[in-house]
Amino acid sequence: MMHRLQVRLFAAFLLVIIVVVITILLLVLPAAEQEIETYAQRTGRLQLARMHHWLLGYHSARGSWSGVQPFVEEMGVLYGQWVVLAAEDGTVVADSRNMLFGQPFTEEWTEVVLRGRDNERILGVLYVSAESGIDEAFARNLRDSLGYFLFWGALTALGAAIVLTVLLSRAISAPVRQLAESAIRAGKGDLSVRVPGSFRGEIGELARSFNGMIADLGRAAELRRNLVADTAHELRTPLSNIRGYLEAMKDEVVEPQDALASVEEDVGMLARLVDDLQELALAESGALGLHLEPENLVTVIRRCVANLHARAAARGVALHLELQEELPPVMIDFQRITQVVHNLLVNALVHTERGDRIVVAARRIDGVVEMRVTDTGEGIPEADRVNVFERFYRVDRSRTRATGGTGLGLTISKQLVEAHGGRICAEPNEPRGSIFVVELPLAGYGPKTDSMIS
C-alpha cells in the first residue's frame, strides 16, 4: 500500500511539473517571440528616423545631394541594409552598393519621403531594402537562442524535478508508512509502540494524535486490568468472611445467631458493590437515563445534610451550611444529584476525625451554580488528587471498609456530574483538608430534555 501511495504521489507531482513546463513553453516562448518582433520593428522605425534626420541635415547644410554618396554607403554598412536615395524626379543619386546610380528607381522597398522645412517641397525619397538588416538578424538569432535555451532548460528542470519528486514522495510516504506499521502492531496488542514526534505539519499532528490514542488505549487496558483485579480484591474480603463464618458454624465454633449479623453485613457489602458496578457500567456505556427538571440545588443539599446529621454528630463532626439565598434553578435529575451530594458528604465524613468540620457552600457564578464540600480532615496528597475519581482508588492503600466503602462513590459522582454538563474536581484546603467542587449549569444553559449519559 505504501508503494502505491508513493507511486501516486510521484505521478501527481510529475503531472503537475509537466503541466507547468508545457504551460511555460506555450506562454513564454510565443510572448518572447512577440516581444522580439516588436523590438525589431521599433528598431527598424528608429533606423529610418535616424537616416531621415541625417539626410535632411545633410541637404540643409549643402543645399543639394551633391557628395552624399559616402554618407549613404556608411548608413548601409552601419545598419546592414541596402540604402538608396532618389532625387525628386526618381533618379537615384546615391546607392550604398553602387549598383543603381543614375537609374530611375522602381523597386517596391520601404520608402520615406524627404521634405523641406516648409513641408511642401519634396527633396527626395529614401528607399531601404526589404532584406533583413543587422538588427533583424540579431533579433532572429535571439529568438532561435531563446527557443533553444528554453527547450533544454525545460528538459533540465524536468529531470531535476523528477529527482526531487522521487525524494519528496519518499519523504512524505515514510511517516505514513511508519504510522501504518505502528497501527498494525497496535492492532496486534503491542500498545508500547510509538511514532516519532519529530514530523512537522499535519503529519506531525497525526503522529502526535496517534501516540495520544495509543496512550489512551494503554491506559484503558490498564484500567480494565485494574478493574478486574480491584473487583476481585473487593469481593474476596466479604466472601472470605462469609466462608469463615460458614465453616465456623459448621464446626460449631460460633452460634448461627452470633454469625448472622456479620454475614448479613458482608452480604450487604457485596450487594452494594454489585449495584455500584452495575450503575458505573451503565453510566460509562451511556445507558443510564437522566430525567432532567429545573430544581433548586439548595433543596438537595439540605435534604442530604439532614439525612447525615445524626451520623456526623455520632462521629463528633460539625456540619455547616453556607448557601446563597434564592439560587436560580439548575437542570438536574433530582435523584442522581442527590446521590452525588450524598457521596461527597459521606466521603468527607469518612476522612474527618472528631472535632473536624464540614462546610457545604453553594453560590451562583455566571451560568453555573457552584457547590463546595470543604472538610478539615486528613486531606489528599497532591500526587493522589488526580486519581481520586478512578475506580476503587483510595488514598489509604490498606483498602479497609472503614476508609471508603466500595471505592466507587467518587467515580460514579464524576460520571453523573459530567452527564449533566457539569464539572467536578478536588482541591486542597489550607492548612489541612480537602475541597470538592461541583459546577452545574443553570436551567437554560445545560441539557434541556431527558437524556442518556454519553
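For the reader, a short list of remarks on this structure follows.
Yes/no matrix, rows are residues, columns are (1) hydrophobic (A, V, I, L, M, F, W, C); (2) within 18 Å of VAL437 (Cα to Cα); (3) in the same structural domain as ASP356 (by TED's automatic domain parsing):
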| site | (1), (2), (3) |
| --- | --- |
| ASN296 | no, yes, yes |
| ALA313 | yes, no, yes |
| GLY316 | no, no, yes |
| GLU325 | no, no, yes |
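- When the range 350-375 is filtered for residues that are closer than 24 Å to LEU327 by Cα and not in a strand (DSSP E or B), the ones remaining, listed by number, are ASP366, GLY367.
- Number of residues in the range 266-292 that are surrounded by 13 or more Cβ atoms within 10 Å (Cβ to Cβ) and free of Cβ contacts under 8 Å to residues at least 60 places away in the same chain equals 4.
- Residues in the range 31-68 that are exposed (fewer than 13 other Cβ atoms within 10 Å of the Cβ), over 60 Å from the mean Cα position of the chain (by Cα) and either charged (D, E, K, R) or assigned to a helix (DSSP H, G or I) (or both): ARG45, LEU46, ALA49, HIS53, GLY57, SER60, ALA61, ARG62.
- Which numbered condition ALA383 misses (of (1) out of contact with any Asp or Glu (no Cβ under 9 Å at 6 or more places or on another chain); (2) modelled with pLDDT of 90 or more): (2)
- Considering residues of the range 144-168 that are of a type in the set (A, V, I, L, M, F, W, C) and either farther than 24 Å from ARG8 by Cβ or touching a Leu at 6+ places or on another chain (Cβ under 7 Å) (or both) only, the residue surrounded by the most Cβ atoms within 10 Å (Cβ to Cβ): ALA154
- Every residue from the range 226-274 that is among the acidic types (Asp, Glu) and either part of a helix (DSSP H, G or I) or in contact with a strand residue (DSSP E or B) (Cβ under 6 Å, 6 or more places away or on another chain) (or both): ASP230, GLU234, GLU247, ASP258, GLU264, GLU265, ASP266
- Residues being surrounded by 12 or more Cβ atoms within 10 Å (Cβ to Cβ) and closer than 14 Å to GLU390 by Cβ - total across the range 220-233: 5
- Some residue of the range 236-255 being in contact with a Leu (Cβ under 8 Å, 6 or more places away or on another chain), at pLDDT below 75, of a type outside the set (Phe, Trp, Tyr) and more than 30 Å from ARG194 (Cβ to Cβ): no
- For ILE365: the one exception among (1) in the same structural domain as LEU442 (by TED's automatic domain parsing); (2) crowded, with 19+ Cβ neighbours inside 10 Å; (3) within 42 Å of the chain's Cα centre (by Cα): (2)
- Pairs where the first residue, in the range 318-331, is within 30 Å of GLY377 (Cα to Cα) and part of a loop (DSSP other than H, G, I, E, B) and the second is modelled with pLDDT of 90 or more and among the β-branched types (Val, Ile, Thr), C-beta under 7 Å, 6+ apart: LEU327/VAL298; LEU327/VAL369
The values are calculated or read from the model by the stated rules, or taken from the named source; none is laboratory data. Quantities reported herein were computed from a predicted structural model and do not represent experimental measurements. FYI the Cβ positions are ideal-geometry reconstructions off the backbone, even for glycines, and counts take in every protein chain you see.
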